[in-house]
Each structure stands twice: as structure tokens, then as C-alpha cells.
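The values are calculated or read from the model by the stated rules, or taken from the named source; none is laboratory data. Owing to the predicted nature of the structure, the values given are computational and were not obtained by experimental measurement. Neighbour counts run over all protein chains shown; Cβ positions are idealised from the backbone, glycine included. The accessibility values were calculated without ligands, DNA or RNA, using every heavy atom of the protein model including side chains. Shrake-Rupley method; radii C 1.70, N 1.55, O 1.52, S 1.80 Å.
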Amino acid sequence: MTTRPTKAMPTATAEHGADPDFDTVYDRAAFGSAKWANQWDEFSPRVRGEDLLSLWTADMDFRAPTTVIDRLRAAADHGIYGYTLRDPEHFRIVQNWFTVRHGWTPPVETLLPAPAIMSSVAAILRTFTAPGDGVIVQSPVYSPNFEAITGNHRRLLVNRLRLIDNRYEFDLDNLAELAASGAKVLLLCNPHNPSGRSWTADELLAVNDICARHDLLVISDEIHCDIRLNGRPHVAYASISSDAARRAFICTAPTKTFNLAGLPSATLSVADPSLRSELLNAMRASFMINAHYFGRLALETAYTTGGPWLDRLTDYLKGNVAFVHEFVQERLPEITPMPPDASFLVWLEARELDARVGGLHQFLVDRAAVNLYDGRVYGPGGEGYVRLNVGCPRKVLTEALERIDRALSR
Ligand SMILES: Cc1ncc(COP(=O)(O)O)c(C=O)c1O
């Protein structure tokens, strides 16, 4: 029996020091964490009195960079939380981040402030499509995409990703057929959630050829772009060609990268001036433009000072991913992880096991007290998979895998 990780509350000593600390386990339930609070009500009765280990929702159990915490503390102490502006200097900070980290320089005038990614996706769909228009997603994929489409009364068109040697590829033939069937928009997850697959420039160019032929707009959700596990740079959709830039809405945010999801602040890059002004008007009419006092500051501080922290985080996450691969190979042979190129999610194939235990996700909640994301949530192609969030201290990850091993060995 391994010991359960002990939890700490954040303290002044834990947050200072030369190196970021990714090993301490913090109690997050006390502050309304969607990932950690009230899970038992949602998922299952308690298992043998053990706390459910939560490796599902895509935020990390790490503290943000100390520079961000200090800036937010100073802003909190200031005590006047009035309306907040994202000025031209703010957008130069965003631009500089993408230039330095990814070699892509979005012109400052293309950048629009947005509250968050999914509200922006919904706004783009409502602005540039009509009810009943077709919107393509490539599944399995981040499930709120489905809601954004069907909840706004657009027609969901699913292009299944092809699974080749435990890696996803675009199905370009089917994409072309769907594009020809009257689709208006491709909603692209770049890099891809749940698999962490980064699309190459050649792959994106092939997609853009199809979109150009059928005059589709492209929403490229690039929220997972910054954590580069494979060492290769992110390819922003708008960077592949001028035609791609002209038809694209690039959606970015520092929220996954620096663990700031509770302080949302996103930036869109829209190169085409008429698309941009139409979207800006629509966002204004939906009162989406005001900045969040803390979100703006967190973005600026993270993008200007967070690079070294991100490099250390990336190393830590690479270690976690390698640990999962080794553990699974030795102890859980019925599970096959897909190697992620980016971010902190590992997509686990377990089709036979899923069938044998009558649904792996619920089995793991009920018998192992470990909560992963059920692959079915991600739509067609997600059956028989679970998604593991490795954005947690290694000892939590170890305990979760040990519990899974014990539950499956019983
Ligand atoms: C691919 C993807 N897009 C968007 C989001 C959510 O972004 P936001 O909270 O800014 O709406 C997530 C969160 O998990 C995600 O994985």
C-alpha cells in the first residue's frame, strides 16, 4: 500500500526560492476548484474512505510563477478593482510572447481582447454563420466544441481523425467531402486535445488547401500551444500562408500554460480587416470586451517573466509523461498511451480493458478512486479511451497509477 500524498496550504516559504516547486501537493478543494471540489457528488460514492484522485479537468495542480503571484498580490492589496483596459502595450506583450516562443509575429493591429477561448468560439460562430450552417470538428476532440456548435443551432459535421500507429492523422478525403457539403467553418484544435498532437506546417497546409477550395473560415484553438514536449516549435495556423491567415481566427490564452484558468484572459488574432471589425462589433454588442482586472495582469506578467518557469514546467511534465509510459509498460499492459507533442494530457487507449470491466472510467472511479476523463466525452473515436492529466506532482501521479494497478489486479 503506498501512502496517500499529504497536502499543504500555500505558504510564503513554499512560493519563494530559486526553483519552481512542482512537487508539493496543495489542498485545492477549499477554494472551489472545479477539478477537486465536490467530485464525489458528481461521480461516485466514496471508495473505502479514500479521497478521489482527480486527474481529469485540464488545469494543473501547480502554483503559477512567483512573479505572477507577487504581481497579483500587489494588485489585490491596491484594493481598487475598477474597469480595466488592455492597451496597445498589452498587445505588444502578447505579440512578443509569440515571436520569442514560437517564431510567429502576429501584427499588433490583428489582436483582439477576448474574455476566454470558448466564449470567443461561440461568438465567431454566431457572427459568421447562420443557424443550420455546417461546422466541422475533427473528433475525438475537446467536447465543449460540440456544445458551441449544437448549442448555437449550427450543424455539427464530424470528421473522424485517423488512427495510424498510435498517432492521429487528418482524414483529408473526408474533410474535403464535408467541406463540399456546404460547411462554413472548420473548428481546429491545434495542438489537439485530448491527444496532445501538434499539427505540422505540411498537415495544416493540406487542410488549408481544402478550406480555400470551399471558402471555409477556420477557427484555430491554440490554447495548448506553449508547453512543447517534443522540442519542436508550435505552428500557428496563421503562420503557414497568407491565405491561411486571411481565413483564420487564432485563439490564444496563457491560461493552460501558466495555470491561470480561473483568471481568464484570451487574445484573438484576426488578420482580415473586415472579419476583424465585424467580430469586434459583435463582441462589443455582447459586452465581451472589458478586461478582467486580475486576468490582464496575470497575462502580462506571465508573458513577460514566465519563460524560465515554463521551461522548468516543461521538463517536469516530460518527466511525468515518461513515468506514465514506463509504468504502463511494466504494470498495465492493457493500456497504451499516445505520446503527446504538447501540453499536459495523455490519451490512453484501453479498448479491450474498457470492454472487460464494463466501462473503464466508472470502474476506475468506483474501484480505484481515480478520476480520469472518459474518452466517450470527446465524441466519435473516444470510445475505449481515458484522458489522463499529468499536470500534477509526481507523487500524485504515482499514487493514481498504483491505485489503478491495484484495482485491476484484484
Ligand atoms: C482545446 C481547449 N480549448 C479551450 C479550452 C477552454 O478555454 P477557455 O477556458 O478560455 O474557454 C480548453 C480547456 O480545457 C481546451 O482544452
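With respect to (1) closer than 27 Å to Thr267 by Cβ; (2) of a type in the set (D, E, K, R); (3) open to solvent by 60 Å² or more (accessible area, probe 1.4 Å), the lone exception for Asp226 is condition (3).
Taking the range 129-153 as the range and being open to solvent by 30 Å² or more (accessible area, probe 1.4 Å), within 12 Å of the ligand (Cβ to nearest atom) and more than 15 Å from the chain's Cα centre (by Cα) as the test, only Glu147 passes.
Only one of the numbered conditions (1) buried (at least 16 other Cβ atoms within 10 Å of the Cβ); (2) assigned to a helix (DSSP H, G or I) is not met by Phe258, and that is (2).
Restricting attention to the range 92-128 and to residues that are among the hydrophobic types (A, V, I, L, M, F, W, C), more than 13 Å from the ligand (Cβ to nearest atom) and not in a helix (DSSP H, G or I), the residue that is farthest from Tyr237 (Cα to Cα) turns out to be Leu112. Of the residues making up the range 219-246, those that are closer than 22 Å to Val137 by Cα, out of contact with any Asp or Glu (no Cβ under 8 Å at 6 or more places or on another chain), within 15 Å of the ligand (Cβ to nearest atom) and not charged (D, E, K, R) are Ile219, Ser220, Ile223, His224, Cys225.
Quick check, is Leu353 over 28 Å from Asn190 (Cα atoms) and more than 19 Å from the chain's Cα centre (by Cα)? Criteria met by Leu353.
Name the residues in the range 205-218 that are among the hydrophobic types (A, V, I, L, M, F, W, C) and either without any contact (Cβ under 8 Å) to a residue 12 or more places away in the chain or within 16 Å of the ligand (Cβ to nearest atom) (or both), would you?
Scanning the range 205-218 gives a single hit, Val218.
Residue count for the range 303-333, restricted to those that are touching a residue at least 24 places away in the same chain (Cβ under 8 Å) and over 14 Å from Gly231 (Cβ atoms): 17.
The strands (runs of 3 or more DSSP E) found wholly in the range 294-410 and carrying at least 3 residues that are open to solvent by less than 50 Å² (accessible area, probe 1.4 Å) occupy 345-349, 385-389. Out of the range 53-89, which residues are among the basic types (Lys, Arg) and either more than 16 Å from the ligand (Cβ to nearest atom) or closer than 30 Å to Ala407 by Cα (or both)? Within the range 53-89, Arg63, Arg71, Arg73 qualify. For the range 98-109, a residue qualifies if it is open to solvent by 10 Å² or more (accessible area, probe 1.4 Å) and on the phi < 0 side of the Ramachandran plot, and the qualifying residues are Thr99, Val100, Arg101, His102, Trp104, Thr105, Pro107, Val108, Glu109. Within the option set Gly132, Gly182, being farther than 30 Å from Val321 by Cβ, modelled with pLDDT under 95 and either out of contact with any Leu (no Cβ under 7 Å at 6 or more places or on another chain) or not β-branched (Val, Ile, Thr) (or both) holds for one residue only, Gly182.
Within the range 281-299, identify whether any single residue is under 29 Å from Gly32 (Cβ atoms), away from the ligand (no atom under 16 Å from the Cβ) and free of Cβ contacts under 8 Å to residues at least 60 places away in the same chain, and answer yes or no. Yes, there is a match, as at least one residue in the range 281-299 is under 29 Å from Gly32 (Cβ atoms), away from the ligand (no atom under 16 Å from the Cβ) and free of Cβ contacts under 8 Å to residues at least 60 places away in the same chain.
Matching residues to (1) loosely packed, with under 15 Cβ neighbours inside 10 Å; (2) modelled with pLDDT of 85 or more; (3) part of a loop (DSSP other than H, G, I, E, B):
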position: Pro20; (1), (2), (3): no, yes, yes
position: Ala64; (1), (2), (3): no, yes, yes
position: Ala76; (1), (2), (3): yes, yes, no
position: Tyr81; (1), (2), (3): yes, yes, yes
position: Arg86; (1), (2), (3): no, yes, yes
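Just to verify a result, which residue in the range 160-203, among those that are more than 30 Å from Ile335 (Cβ to Cβ) and within 16 Å of the ligand (Cβ to nearest atom), is surrounded by the most Cβ atoms within 10 Å (Cβ to Cβ)? Taking the candidates together, the pick is Leu186.
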